[in-house]
1. Return only the number of the condition from (1) surrounded by 15 or more Cβ atoms within 10 Å (Cβ to Cβ); (2) at pLDDT 90 or above that residue 526 does not satisfy.
2. Among the residues of region 229-237, is there at least one that is surrounded by 13 or more Cβ atoms within 10 Å (Cβ to Cβ), at pLDDT 75 or above and not in a helix (DSSP H, G or I)?
3. Could you tell me which numbered condition residue 423 fails, if it satisfies all but one of (1) modelled with pLDDT under 85; (2) in contact with a strand residue (DSSP E or B) (Cβ under 7 Å, 6 or more places away or on another chain)?
4. Tell me, please, whether a residue that is in the same structural domain as residue 261 (by TED's automatic domain parsing), surrounded by fewer than 14 Cβ atoms within 10 Å (Cβ to Cβ), part of a helix (DSSP H, G or I) and touching a helix residue (DSSP H, G or I) at 6+ places or on another chain (Cβ under 8 Å) can be found in region 97-116.
5. Which one of these does residue 635 not meet: (1) under 25 Å from residue 442 (Cβ atoms); (2) within 56 Å of the chain's Cα centre (by Cα)?
6. Can you find even one residue in region 531-543 that is not in a helix (DSSP H, G or I) and not assigned by TED's automatic domain parsing to the domain that holds residue 397?
7. When you go through (1) surrounded by fewer than 17 Cβ atoms within 10 Å (Cβ to Cβ); (2) in contact with a helix residue (DSSP H, G or I) (Cβ under 9 Å, 6 or more places away or on another chain); (3) at pLDDT 75 or above one by one for residue 296, which number turns out not to apply?
8. Pull up region 471-488, narrow it to residues that are surrounded by fewer than 17 Cβ atoms within 10 Å (Cβ to Cβ) and under 24 Å from residue 379 (Cβ atoms), then point me to the one that is farthest from the chain's Cα centre (by Cα).
């Protein structure tokens, strides 16, 4: 009902405007043929001048030419109005010219007296100058600019259309925005094309004005002499004044509209009102203004030239060169302050919103009240070392770990810090303020007072010593570790153990976007036709969970493309990828140039093999090793692995390809950092050193 009422109210108003506009056009056409009284001629001339001034003011204030897209239509109506008035004034001049200079209305007589005085020769000269200015200077230049603008606008349409389609395909804009930009592009090309034709109206109007002046003068003299019995001199004086007054009255609005057209087409792609475009650009170069000012003073000092006008211009330019940069600097500071205040308000609003409060950091390092106070002074150093640590992770593992948020938590245990992953506490550790840690392992302890403890990152035996014994400990050959280094080592190891959880879908897409175009096409071929992006992310997360770097992403994608048509489970795809990048995996676990391995042993290989339940297609669907066997394997594997670790060996545990991932399920809870390799992952070209078997 509301819409119907609105339409019912709006329809008559729109229809009324349509009828009024159509009626005005009909009235203008009637003026061509019907006689019009002198007082109506005055009203029409005043309307023509007012319309031309309005058009000029609108042209000055618009921000871009397309905002005045109706200019060609308005120009045509204004031109027709002037021509209709010219015909009416011609009729009055020829019919009643013997009555004096007010025969065609008081406005024409007033302009004739104002400009010519008592000598019509002056009026003819002024009129010719106005016509030359309008026809040869303003209109000719505006016409050329409109022609070039129309040509360039039409030539640029295909390229701009392709740019819009590219932005739409890339997702930078939606269909609604693309439709709006296409409409603006069409309107722009139509506008410049219309302006090219509209400029011809002004040129034709100037030519018509010259012809009308000649007709009025010649016809008026003939009628005055033959019909009204006037002398030739008297008829020439009166009719020439009337004709020239009529021509000047017509040329003034024509000149104003020509100037508006020139300003409109000359503005081109410049945004903002004309005064901002002109003064803003002219005042951007204070050195040019100062040089021009100096030249004005030099010209003023020349013999024979008046000094005051040049001095006034020089002072004005110098003032502009000094004031405008200061004003622009104040505006810039004001804009920056407003932007900073707006950003601050936005941050406050976001921090107070429920959505912002629900957002958790991927990695967060929370300090208790005591530690937060302790690390305030060294916050810059801590942030710098954290940034270096993230860079090291990026070079080692092939992706940038998320930013680490530093915060304080009043609820944290006293003198401790917490490491959180996605809002969940994964590690809590106390810290002794003002003390240093000395790693001892199973070796000797420093001969100074200290408290035994375990280092948080790797669980090694250590001793905490006071700051006063630092030099003594160094003289004994030990390397004390400060609290910040210990904290960052712990944080680094926690991140390394949770790499698989930190690779987000957004991070994976960013890695793909940085690939070479050939590998981007490879991704387009396999995703999502053979493998989804989420499955590809799962494969990368499985690799990172075992600390396998994805820095050679192109090799990983080639391996995925090989196996994707034949496998769907991320675990099976990840196992195939591991065999393809086996050289990288083996190279990362080398110890003094040799690949040291600890084998699982035939008994446990057979045990794990028998515990795998398969379906009719031969694929593993269940791992059924009983709890007693798991416990026995854990005891034997722990003893074997620890004995090799105590001998300072860096090695990997090797088993069969089909059992590898299930052996890892058991071993990762005992030794999270121990690499588990399959026999197929031992790349050729490496020296393999066997450290024994678990049996």
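The values are calculated or read from the model by the stated rules, or taken from the named source; none is laboratory data. Note that the structure is predicted; figures quoted are calculated from it, not measured. Cβ coordinates were reconstructed from backbone atoms using ideal geometry, including for glycine residues, and neighbour counts include every protein chain displayed.
1. With respect to (1) surrounded by 15 or more Cβ atoms within 10 Å (Cβ to Cβ); (2) at pLDDT 90 or above, residue 526 is out only on (2).
2. Yes, region 229-237 contains a residue that is surrounded by 13 or more Cβ atoms within 10 Å (Cβ to Cβ), at pLDDT 75 or above and not in a helix (DSSP H, G or I).
3. (2)
4. For region 97-116, residues in the same structural domain as residue 261 (by TED's automatic domain parsing), surrounded by fewer than 14 Cβ atoms within 10 Å (Cβ to Cβ), part of a helix (DSSP H, G or I) and touching a helix residue (DSSP H, G or I) at 6+ places or on another chain (Cβ under 8 Å): absent.
5. Status for residue 635: all satisfied but (2).
6. Yes: region 531-543 contains one or more residues that are not in a helix (DSSP H, G or I) and not assigned by TED's automatic domain parsing to the domain that holds residue 397.
7. So residue 296 meets the others, but not (1).
8. Top of the filtered list is 481.
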